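Here's a structure for you.
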C-alpha cells in the first residue's frame with residue numbers, strides 16, 4: 001500500500017499520466033463531437049493510424065512540425081468526410097461504415113507507407129516535438145514537471161478541451177450541433193442544413209482523432225509503425241460514454257485512464273513476481289468498464305444518435 | 001488442388017533435368033529453389049528484419065527466388081501458408097509462435113514443401129523444422145557488461161510478450177549480470193505487444209524512476225527513453241548503436257544467415273528433414289555475436305567479456321537456458 005501511495009504522490013507518475021492521456025484527449029473529444037451531432041464514428045481507430053502516418057510522413061518529407069500536424073488533421077477530416085457522406089445523406093449503418101473506415105484507413109496508411117518506403121530496414125526517424133521548457137513555470141515544484149514539461153501537442157489537446165466546450169456551450173453553432181444530434185427535425189425547421197452540420201461535425205471530430213494519432217508518431221515516439229495505435233481509438237469510444245458527452249469530463253476520463261495505465265506499469269515492476277503482468281495490462285480496461293457502469297447510468301445520450309435523418313421524411 | 005500441383009512439379013523437375021542433360025550444362029539454374037516467407041509484422045520489426053535480411057542475401061547471391069508476405073495476422077497465417085504451399089514454393093519460412101498447432105497441421109498436408117518456422121516447440125517429421133533466435137550466449141555477455149557498469153545496481157528490462165524466446169534471452173542476460181555483480185537487482189515488465197514504442201517508453205521511464213540506470217532494450221522505445229534520461233541501454237537482436245549514439249553499451253546480435261543457408265542447402269539437395277535449426281543461432285555457427293562500444297565500456301570490463309566470449313566459442317563455458325518467465329526482484 002505504501003508503495004502505491006508513494007507512486008501516486010510522485011510527479012513523474014502524473015507527468016506520465018498526462019503523456020499517456022494526450023492522444024486519448026484528442027480522440028475522446030473527436031468522438032464526442034461526432035456523437036453530439038448524432039453520428040457514431042467507429043472509424044476512430046483507423047483515423048488514429050492515418051493521423052499517425054500522415055503526420056510523421058509529412059515531417060519526413062520535409063514539412064515543419066506544425067505543418068505536419070495540419071496535414072494529419074486534414075487527412076482525418078477527409079476520412080470524416082467519407083464517413084459523413086456514407087452515414088448522413090446516404091443514411092448507411094454507422095457501425096458498418098465506421099468499421100469499414102477503420103479497416104480502410106489503417107490499410108491505406110500502411111500501403112502508402114510501404115509504397116513510399118519499400119526497402120527500409122527500420123522505420124525512419126524524425127525530429128519530434130520536444131518537451132517545452134517554460135521558464136519559471138517548469139521549475140515550479142510538482143506542477144512544473146507535471147504540466148509544463150510536456151510537449152506542445154499536450155497543450156494543444158488541453159486547449160482543444162476548452163475549445164470544444166466553448167463551441168458547444170457558448171456559440172450558436174454549438175447549439176445547432178447539439179440540436180442536430182437530439183432532434184434534427186427542429187434544426188431543419190429552422191432552415192439549417194442537417195446534412196451540413198452533421199458532416200461538418202464528423203469532419204472536425206475526425207480531424208481531432210487524427211491529431212491523437214499524430215501525437216503518437218510526432219511526440220510520444222519519432223517513427224511510424226503499423227499497429228502502434230494498438231487499440232487507443234477504441235478506448236476513446238468508451239470514454240465518451242464515461243464522459244457523458246461533456247468535454248470537461250472527457251478530459252477527466254482520459255487522464256484517469258492515463259493514470260491507470262501509468263500505475264499498472266509501475267505496479268507490474270513492483271509486484272510482478274506475485275501477479276501475472278496480464279492482470280495489470282488489463283487493469284485500465286477493467287477499471288474503465290467499472291467506471292462506465294457507474295457513469296453510464298446517468299449518461300445523457302444524444303437522442304438522435306445512430307438515427308439517420310432524411311429530408312422531407314418525418 | 002494438391003494432386004495436379006504435384007504432377008506439374010514432378011513434370012517440371014524431370015523436364016529441367018532433361019534439359020540440363022541435353023544441354024550438358026551444370027544444374028545450378030535448376031537448383032534455384034523457391035522460398036516464401038510469411039511474417040506477422042512488417043519487415044522493419046527487429047526479429048523479422050534479421051530473417052528478411054538473410055533471405056535477401058540468399059536471393060541476391062542467386063541461390064533462391066524469394067517472395068514474402070508481411071503483416072499477416074495470426075488468424076490469417078494458416079491460409080497464407082497453404083497458398084504458398086499450393087503455389088509450389090519449395091521452402092516456407094516464418095514464425096508460428098501464435099499458431100503452433102495449426103501450422104503443424106498445415107505442414108502435414110504439404111509434405112513436399114519444406115517448412116522452417118520460428119517456434120517455441122519442436123520439429124515434426126517429415127517436413128516441419130524449427131528455429132529461434134538462440135542468442136542467449138551474446139545476451140549473457142551483454143549481461144556481464146550491464147552488471148559491471150550499473151552504479152545503482154538496478155537494471156530495467158522491458159519485454160514484449162513473456163514467451164520462451166524472450167524469457168530465455170532475459171535470463172541469460174540476468175545470469176551474466178549476476179555472475180559479475182551479485183548485488184544487482186532487476187525490474188521486469190512486459191507490454192504484451194511486439195510494437196508499441198510509446199508504451200515501451202513509458203515502462204522504461206517508470207523503471208528509471210525506480211532507480212534503473214541501465215535498460216535492457218528488448219523493444220523499440222526503450223532506448224529512446226534511455227537517451228531522453230541520459231542512461232545507458234543494452235541492445236538486442238539488431239545493432240542500433242548508430243541510432244542512439246553514446247547510449248548502447250553492448251548488443252547481442254542475431255545473424256540468421258547460418259540458419260537460412262543451411263535450410264536452403266538442405267531443401268535444394270532434397271535432404272530437408274524435420275530438425276531443430278536452433279543451434280545455427282549459436283555463436284559457434286556465427287548465428288549470434290556480441291557488439292561492444294569500446295568508447296563506453298571500460299577496458300577491464302571489455303577484456304573480461306571477451307575472455308568469456310572466447311570460452312563460449314571454445315566450448316569451455318555454457319550459458320544456461322531458462323525459458324521460464326523472468327520476474328522482478330522484490
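Quick one: in the range A:260-301, of everything that is outside any helix (DSSP H, G or I) and more than 10 Å from every other protein chain (Cβ to nearest Cβ), which residue is modelled with the highest pLDDT?
That would be A:301.
Next question. Out of all the residues in the range B:78-109, which are within 19 Å of the chain's Cα centre (by Cα) and either surrounded by fewer than 20 Cβ atoms within 10 Å (Cβ to Cβ) or over 20 Å from residue B:272 (Cβ atoms) (or both)?
B:97, B:98, B:99, B:100
Let me ask something additional. Of all residues in the range A:86-117 being farther than 12 Å from residue A:45 by Cα and facing another protein chain (nearest Cβ under 10 Å), which is surrounded by the fewest Cβ atoms within 10 Å (Cβ to Cβ)?
A:117
Residue B:155 - would you say it is in contact with a helix residue (DSSP H, G or I) (Cβ under 7 Å, 6 or more places away or on another chain), at pLDDT 95 or above, more than 17 Å from residue B:319 (Cα to Cα) and not assigned by TED's automatic domain parsing to the domain that holds residue B:278?
Against the criterion (in contact with a helix residue (DSSP H, G or I) (Cβ under 7 Å, 6 or more places away or on another chain), at pLDDT 95 or above, more than 17 Å from residue B:319 (Cα to Cα) and not assigned by TED's automatic domain parsing to the domain that holds residue B:278), residue B:155 qualifies.
In the range A:122-175, how many are within 14 Å of another protein chain (Cβ to nearest Cβ) and touching a helix residue (DSSP H, G or I) at 6+ places or on another chain (Cβ under 8 Å)?
Qualifying residue count for the region: 13.
Would you check if residue B:186 is part of a strand (DSSP E or B), touching a residue at least 40 places away in the same chain (Cβ under 8 Å) and crowded, with 22+ Cβ neighbours inside 10 Å? Quick ask: steps written out before the conclusion?
Numbers: part of a strand (DSSP E or B): yes; touching a residue at least 40 places away in the same chain (Cβ under 8 Å): yes; crowded, with 22+ Cβ neighbours inside 10 Å: yes.
So residue B:186 passes the test.
Then there is this: Which condition does residue A:15 not pass, out of (1) surrounded by fewer than 24 Cβ atoms within 10 Å (Cβ to Cβ); (2) under 16 Å from residue A:213 (Cβ atoms), if it passes all the others?
(2)
Filter the range B:47-61 for residues that are touching a strand residue (DSSP E or B) at 6+ places or on another chain (Cβ under 9 Å) and facing chain A (nearest Cβ under 8 Å) and give the result.
Correct list: B:49 only.
Let me ask another. Here are some conditions: (1) surrounded by 14 or more Cβ atoms within 10 Å (Cβ to Cβ); (2) not in a helix (DSSP H, G or I). Residue A:204 meets all but one. Which one does it not meet?
So residue A:204 meets the others, but not (2).
While we're here: Counting just the residues of the range B:189-230 that are at the interface with chain A (Cβ under 7 Å from one of its Cβ atoms), touching a residue at least 40 places away in the same chain (Cβ under 8 Å) and assigned to a helix (DSSP H, G or I), which one comes out nearest to residue B:161 (Cα to Cα)?
B:203
A follow-up question, please. Could you go through the range B:163-176 and let me know if any residue there is outside the structural domain of residue B:89 (by TED's automatic domain parsing), part of a loop (DSSP other than H, G, I, E, B), within 24 Å of residue B:256 (Cβ to Cβ) and in contact (Cβ under 8 Å) with a residue 12 or more places away in the chain.
Scanning the range B:163-176 turns up at least one residue that is outside the structural domain of residue B:89 (by TED's automatic domain parsing), part of a loop (DSSP other than H, G, I, E, B), within 24 Å of residue B:256 (Cβ to Cβ) and in contact (Cβ under 8 Å) with a residue 12 or more places away in the chain.
Can you tell me which residues in the range B:79-89 are touching a helix residue (DSSP H, G or I) at 6+ places or on another chain (Cβ under 7 Å) and closer than 10 Å to residue B:38 by Cβ?
Matches in the range B:79-89: B:81 only.
Let me ask another. Pick out the one residue from B:121, B:131 that is buried (at least 22 other Cβ atoms within 10 Å of the Cβ) and in contact with a helix residue (DSSP H, G or I) (Cβ under 8 Å, 6 or more places away or on another chain). Steps first, please.
Working: B:121 fails: buried (at least 22 other Cβ atoms within 10 Å of the Cβ).
Only one candidate qualifies: B:131.
Of the residues that sit in the range B:235-282 and are free of Cβ contacts under 8 Å to residues at least 12 places away in the same chain and more than 29 Å from residue B:88 (Cβ to Cβ), which one is nearest to the other protein chains (Cβ to nearest Cβ)?
Applying the filter and picking the extreme gives B:242.
Quick one: residue A:233 ticks every box in (1) more than 14 Å from chain B (Cβ to nearest Cβ); (2) farther than 25 Å from residue A:11 by Cβ; (3) touching a helix residue (DSSP H, G or I) at 6+ places or on another chain (Cβ under 7 Å) bar one, so which box is it?
It is condition (1) that residue A:233 fails.
A further question on this structure: Which condition from (1) crowded, with 20+ Cβ neighbours inside 10 Å; (2) within 30 Å of residue A:14 (Cβ to Cβ); (3) away from chain B (no Cβ under 14 Å) is the one that residue A:244 breaks?
(1)
Suppose we keep only residues that are outside any helix (DSSP H, G or I) and under 18 Å from the mean Cα position of the chain (by Cα) within the range B:283-319. Which one would you say is nearest to the other protein chains (Cβ to nearest Cβ)?
Restricting to residues being outside any helix (DSSP H, G or I) and under 18 Å from the mean Cα position of the chain (by Cα), the top hit is B:291.
How many residues does the range A:7-50 hold that are within 14 Å of another protein chain (Cβ to nearest Cβ), over 13 Å from residue A:216 (Cβ atoms) and touching a helix residue (DSSP H, G or I) at 6+ places or on another chain (Cβ under 9 Å)?
11
Please pick out the residue among A:63, A:50, A:31, A:71 that is crowded, with 23+ Cβ neighbours inside 10 Å and over 12 Å from the mean Cα position of the chain (by Cα).
Going through A:63, A:50, A:31, A:71 in turn, just one is crowded, with 23+ Cβ neighbours inside 10 Å and over 12 Å from the mean Cα position of the chain (by Cα): A:50.
The values are calculated or read from the model by the stated rules, or taken from the named source; none is laboratory data. The model shown is predicted, which means the values in this text are computed figures rather than measured ones. Cβ sites come from the backbone with ideal geometry, for glycine too, and all protein chains shown count toward neighbours.
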